[in-house]
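*Asks:* Handing you this structure, nothing more for now.
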Amino acid sequence: MAVDLTTELHKVLGPKTAKAMATSLGLHTVRDLLRHYPRRYAKRGEMARLDDLQVGDRVTVLAQVRRVTTRPMRQRRGTLTEVTVGDGAGSMQLVFFNARHSRLEEGAWGLFAGTVGEYRNSKQFAHPDFHLITGDDDEDWARALIPLYPASKEVSSWVIQRSVKLLLDAAGGFGFVQDPLPEEIRARHGLPSLPAALLDKHRPTSAEDVDRADERLKWDEALTLQLTLAARRRAAALEPGTARPRRAGGLLDAVDAALPFALTEGQRDVGEELAAELDRDTPMHRLLQGEVGSGKTVVALRAMAQVVDAGGQAALLAPTEVLAAQHARGIAALLGPLGRAGEIDGDPAGTRVVLLTGSQRAAVRREARAAVADGSAGIVIGTHALLQEGVDFADLGLVVVDEQHRFGVEQRDALRAKGNRPPHVLVMTATPIPRTVAMTVYGDLEISTLRQLPSGRGGVSSSVVPVKEKPAWLGRAWERLREEVAAGRQAYVVCPRIGELEGEKGAEDEPGDDDGAPADDGGDRRPPLAVLDVAEQLRSGPLAGLRLDVLHGKLTPDEKDARMRAFAAAETDVLVATTVVEVGVDVPNATVMVVMDADRFGVSQLHQLRGRVARGKHAGLCLLVSEVPSASATGQRLAAVASTSDGFELARLDLETRREGDVLGAAQSGRRSGIRLLSLLEDEELIARARAEATALLATERGLADHPGLAMEVAALATDERAQYLEKA
Ligand code: ADP
Ligand code: MG
């Protein structure tokens, strides 16, 4: 029978099986089936892990029947059959009601599939599906490794195994599978052919078979992904943009002259890079990553100034109103009269800085929009409100997205679309991105990194305060805070929740971060500490007499702004806040950050929060207060955050604690997705090599014309859900 990858499964398998595969597992074609890889492999004498199974897991286990007893039920008519199966040290009860399973005899081996339940403290399967391995079974079961597939109630693992076998028999081997990978790439990296890898993956005889197959199959995933991204980079490079060359004697020079500090070497280098790229007529697509406090804003501002000097407009998109307002204030202050062109005390040679946010009064917003539309506002700063219809630019030359991890690609693109021609794009993030993620999720952007913090920074020392184990430390923490305030410094106290006035639990009007702490100890914990409660307790207790204020997302934007200003002006000593202060907030005089219920926050969130202190010349202190035991996994995670301020290290830790699927933007379960085996954490080298090959393959005019197999894989990924996940990541 002629079979290829696009052949529908019902032509190869029975109609019932094919239908069940389609509806319950989403497998429609031969390709789908072959790319439905075993999750793991069972080996006789190795399945001793029944004890590790969790109640509620749906699993398939390979085990031997040890004991079968049938007795009448006490309360009801009928019989109860209990079968003990086991392997090595572990054992498990199977329970059948009114069933006669004459084939379940002592000594028989079989695969048992079902949902793990519990009865009188021991784990059991009630009415599992099973498949006994008997002498007249085909040689499949004699194999050293039995593949265990992701299965469903309708299609068990052994049905999938059987189907793969059927396909093999019908097609006379996997020879029909065309290998998309060019021979020379295979040779260069020592990879087996695709048919060989598929055979090893589905029907291995040893663990080495599986390893070799995995390496090859991961290559397919990595290369296809990198080709997609490289093609996107190439397409972007062909777009017609507008060059915005540097001009002397304009805003940029004024900014440089007004800066109260010397740029760091990194800021200068990245600045040169950006200046050169803005001068080209292909739009820049660049990611600027840099530690919290590394001074990305000024780098962006200088690029914006260059564009304004060249006659264009620059837009800065910020994730929160607090941050947008802070940027607008800071930039206006730095530009002085040059940022107030058209006003009485403004310099006519300058431009206007306008702020556009959703909470502005209609009249203010109308005026801002008009200035954006007629081009008199060279620098436009705003929140999501910038993306709305009705915000039209006269000549948008540069889009800057601050804290990119708070936005999706659609938002970047929505703003980009407001240019007459594609504008230059600079996205910034302080969430350090492990190299692999940078190469995949952000693979269509060029990357610049600010590694150095401005010198003269005091640095932050961090400690965990385990209140259950060391109750006295908390009192000491508040004393330290008072000492800092006495020395003229300021402090943040961050809590996970707002408190009584919120109707809906945990609601924040600022876009929430998606990397909350993993909930690893069930749902019956006390509710997280709340800003309003904690502020009250501090006011009447350990921080009595200090000037204390609260900040959270439920305040009106005007109130938020006023309180933030008061804190920035040192009219407040302590700001008790939610994570509204997480991103970007810049008050150099703040030196203490106390995070309450620190275990409720994710790794990168804690790192961001810590970045709010020691932004000036004074040393900072970050205290992570938590009730979890130090020895627990969560306790150790906190200890790790306290012990290093290396953002890249922490990003790795974060990647370990979050599931990788979350990093790629969606649950890993996406069945028809392009990425099944590739691990962003473990396959860094492989991804790097694939990226180099992808770039080389696309370097010539012919693109993938000589590699139709690869072109097809790329096309398949493009229609795949995963590609859309990547877009949103
Ligand atoms: P981030 O990269 O986290 O966005 P910011 O741009 O907010 O950091 O900068 C943090 C602080 O450092 C700001 O107060 C800024 O004015 C200051 N800063 C930036 N560059 C320098 C420098 N070269 N020397 C000293 N201070 C600097
Ligand atoms: Mg910033």
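*Asks:* Can you name the condition, by its number, that Val298 falls short on among (1) within 16 Å of ligand 1 (Cβ to nearest atom); (2) over 29 Å from the mean Cα position of the chain (by Cα); (3) farther than 24 Å from Ala417 by Cβ?
*Replies:* All conditions pass for Val298, except number (2).
*Asks:* Taking segment 417-446, which residues are modelled with pLDDT of 85 or more and away from ligand 2 (no atom under 16 Å from the Cβ)?
*Replies:* Within segment 417-446, Ala417, Lys418, Gly419, Asn420, Arg421, Pro422, Pro423, His424, Val425 qualify.
*Asks:* Restricting the first residue to segment 283-306 and requiring it to be in contact (Cβ under 8 Å) with a residue 12 or more places away in the chain, which pairs with a second residue that is part of a helix (DSSP H, G or I) and near ligand 1 (Cβ under 7 Å from one of its atoms) meet a Cβ separation below 8 Å and a spacing of at least six or different chains?
*Replies:* Correct list of pairs: Leu288/Lys296; Gly290/Lys296; Gly295/Gln267; Val298/Gln267; Val299/Gln267.
*Asks:* In addition: Of Ala569, Ala598, Ala633, Ala577, which residue is at pLDDT below 85 and small (Gly, Ala, Ser)? Break it down stepwise before answering.
*Replies:* Values: Ala569 fails: at pLDDT below 85; Ala598 fails: at pLDDT below 85; Ala577 fails: at pLDDT below 85.
Result: Ala633 is the single residue among Ala569, Ala598, Ala633, Ala577 that is at pLDDT below 85 and small (Gly, Ala, Ser).
Here is a yes/no grid of residues against (1) outside the structural domain of Arg233 (by TED's automatic domain parsing); (2) of a type in the set (Lys, Arg); (3) more than 28 Å from Lys617 (Cα to Cα); (4) in contact with a Lys or Arg (Cβ under 8 Å, 6 or more places away or on another chain):
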{"position": "Gln289", "(1), (2), (3), (4)": "yes, no, no, no"}
{"position": "Leu301", "(1), (2), (3), (4)": "yes, no, no, no"}
{"position": "Met304", "(1), (2), (3), (4)": "yes, no, no, no"}
{"position": "Ala318", "(1), (2), (3), (4)": "yes, no, no, no"}
{"position": "Ile344", "(1), (2), (3), (4)": "yes, no, yes, no"}
{"position": "Val354", "(1), (2), (3), (4)": "yes, no, yes, no"}
{"position": "Arg365", "(1), (2), (3), (4)": "yes, yes, yes, no"}
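*Asks:* Quick one: Ile381 ticks every box in (1) within 16 Å of ligand 2 (Cβ to nearest atom); (2) farther than 18 Å from Pro557 by Cβ; (3) part of a strand (DSSP E or B) except a single one, so which number is it?
*Replies:* Condition (2) is where Ile381 drops out.
*Asks:* Follow-up. Of these, Val61, Val12, which one is closer than 27 Å to Ala213 by Cβ, at pLDDT below 85 and touching a Leu at 6+ places or on another chain (Cβ under 8 Å)?
*Replies:* Values: Val12 fails: at pLDDT below 85.
On inspection, the qualifying residue turns out to be Val61.
*Asks:* Which one of these is crowded, with 22+ Cβ neighbours inside 10 Å and assigned to a loop (DSSP other than H, G, I, E, B): Arg244, Arg280?
*Replies:* Details: Arg280 fails: crowded, with 22+ Cβ neighbours inside 10 Å.
Of Arg244, Arg280, the one residue that is crowded, with 22+ Cβ neighbours inside 10 Å and assigned to a loop (DSSP other than H, G, I, E, B) is Arg244.
*Asks:* Let me confirm something: among Ala315, Ala328, Ala254, which residue is touching a residue at least 12 places away in the same chain (Cβ under 8 Å), within 16 Å of ligand 1 (Cβ to nearest atom) and in contact with a Gly (Cβ under 9 Å, 6 or more places away or on another chain)?
*Replies:* Numbers: Ala315 fails: within 16 Å of ligand 1 (Cβ to nearest atom); Ala254 fails: within 16 Å of ligand 1 (Cβ to nearest atom).
Residue meeting the stated conditions: Ala328.
*Asks:* Of the conditions (1) surrounded by fewer than 23 Cβ atoms within 10 Å (Cβ to Cβ); (2) farther than 30 Å from Thr556 by Cα; (3) away from ligand 2 (no atom under 16 Å from the Cβ), Gln306 fails just one. Which one is it?
*Replies:* (1)
*Asks:* Shifting gears a bit: Evaluate the following for Gln404: is it crowded, with 19+ Cβ neighbours inside 10 Å, at pLDDT below 85 and closer than 27 Å to Ala332 by Cβ?
*Replies:* Details: crowded, with 19+ Cβ neighbours inside 10 Å: yes; at pLDDT below 85: yes; closer than 27 Å to Ala332 by Cβ: yes.
Considered against the rule, which asks whether it is crowded, with 19+ Cβ neighbours inside 10 Å, at pLDDT below 85 and closer than 27 Å to Ala332 by Cβ, Gln404 comes out as yes.
*Asks:* Need pairs with beta-carbon distance below 8 Å; first residue over 16 Å from Arg652 (Cβ atoms) and within segment 596-617, second among the hydroxyl-bearing types (Ser, Thr, Tyr) and assigned to a helix (DSSP H, G or I); sequence gap 6+ or separate chains.
*Replies:* Asp599/Thr634; Phe601/Thr579; Leu609/Thr579
Quick grid of which residues meet (1) part of a loop (DSSP other than H, G, I, E, B); (2) among the β-branched types (Val, Ile, Thr); (3) free of Cβ contacts under 8 Å to residues at least 24 places away in the same chain:
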| position | (1), (2), (3) |
| --- | --- |
| Gly358 | yes, no, no |
| Arg369 | no, no, yes |
| Ala385 | no, no, no |
| Phe393 | yes, no, no |
| Leu415 | no, no, no |
| Lys418 | yes, no, no |
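*Asks:* Then there's this: Arg246 fails exactly one of the following numbered conditions: (1) out of contact with any helix residue (DSSP H, G or I) (no Cβ under 9 Å at 6 or more places or on another chain); (2) not assigned by TED's automatic domain parsing to the domain that holds Pro337. What is the number of that condition?
*Replies:* Here Arg246 meets the rest and fails (1).
*Asks:* Follow-up question, since we're still on this one. Scan Glu215, Glu221 and give me the residue that is modelled with pLDDT of 90 or more, away from ligand 2 (no atom under 16 Å from the Cβ) and not in a strand (DSSP E or B). Talk me through it step by step, then tell me what you get.
*Replies:* Details: Glu221 fails: modelled with pLDDT of 90 or more.
Of the residues listed, the single one that is modelled with pLDDT of 90 or more, away from ligand 2 (no atom under 16 Å from the Cβ) and not in a strand (DSSP E or B) is Glu215.
*Asks:* What's the number of the only condition in (1) in a loop (DSSP other than H, G, I, E, B); (2) modelled with pLDDT of 80 or more that Leu94 fails to meet?
*Replies:* Status for Leu94: all satisfied but (1).
*Asks:* Test of understanding: among Val425, Val372, Val401, which residue is more than 16 Å from ligand 1 (Cβ to nearest atom) and within 30 Å of Ser645 (Cβ to Cβ)?
*Replies:* Numbers: Val372 fails: within 30 Å of Ser645 (Cβ to Cβ); Val401 fails: more than 16 Å from ligand 1 (Cβ to nearest atom).
Going through Val425, Val372, Val401 in turn, the sole match is Val425.
*Asks:* Still on this structure: Could you tell me whether segment 639-660 includes any residue that is in contact with a Phe, Trp or Tyr (Cβ under 7 Å, 6 or more places away or on another chain), in a helix (DSSP H, G or I) and either at pLDDT 75 or above or surrounded by 22 or more Cβ atoms within 10 Å (Cβ to Cβ) (or both)? Before you say what the answer is, go through the steps one by one.
*Replies:* Filtering segment 639-660 for residues in contact with a Phe, Trp or Tyr (Cβ under 7 Å, 6 or more places away or on another chain) gives none.
Checked segment 639-660: no residue is in contact with a Phe, Trp or Tyr (Cβ under 7 Å, 6 or more places away or on another chain), in a helix (DSSP H, G or I) and either at pLDDT 75 or above or surrounded by 22 or more Cβ atoms within 10 Å (Cβ to Cβ) (or both).
*Asks:* Only residues that are surrounded by fewer than 23 Cβ atoms within 10 Å (Cβ to Cβ) and more than 16 Å from ligand 2 (Cβ to nearest atom): list them for segment 309-332, please.
*Replies:* Correct list: Asp309, Ala310, Gly311, Ala332.
Listed here are the residues, each with its yes/no results for (1) more than 16 Å from ligand 2 (Cβ to nearest atom); (2) over 22 Å from Arg497 (Cα atoms); (3) crowded, with 24+ Cβ neighbours inside 10 Å; (4) not assigned by TED's automatic domain parsing to the domain that holds Glu469.
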residue: Val576; (1), (2), (3), (4): yes, no, yes, no
residue: Val581; (1), (2), (3), (4): no, no, yes, no
residue: Ala598; (1), (2), (3), (4): yes, no, yes, no
residue: Ala633; (1), (2), (3), (4): yes, yes, no, no
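*Asks:* Exactly one condition in (1) at pLDDT 95 or above; (2) surrounded by 20 or more Cβ atoms within 10 Å (Cβ to Cβ); (3) within 30 Å of Gly545 (Cβ to Cβ) is not met by Glu483; state its number.
*Replies:* Glu483 satisfies all of (1) at pLDDT 95 or above; (2) surrounded by 20 or more Cβ atoms within 10 Å (Cβ to Cβ); (3) within 30 Å of Gly545 (Cβ to Cβ) except (2).
The values are calculated or read from the model by the stated rules, or taken from the named source; none is laboratory data. Keep in mind that this is a model prediction, so the values were computed, not measured. So basically every Cβ, Gly included, is an ideal-geometry build from the backbone, and we count neighbours across all protein chains shown.
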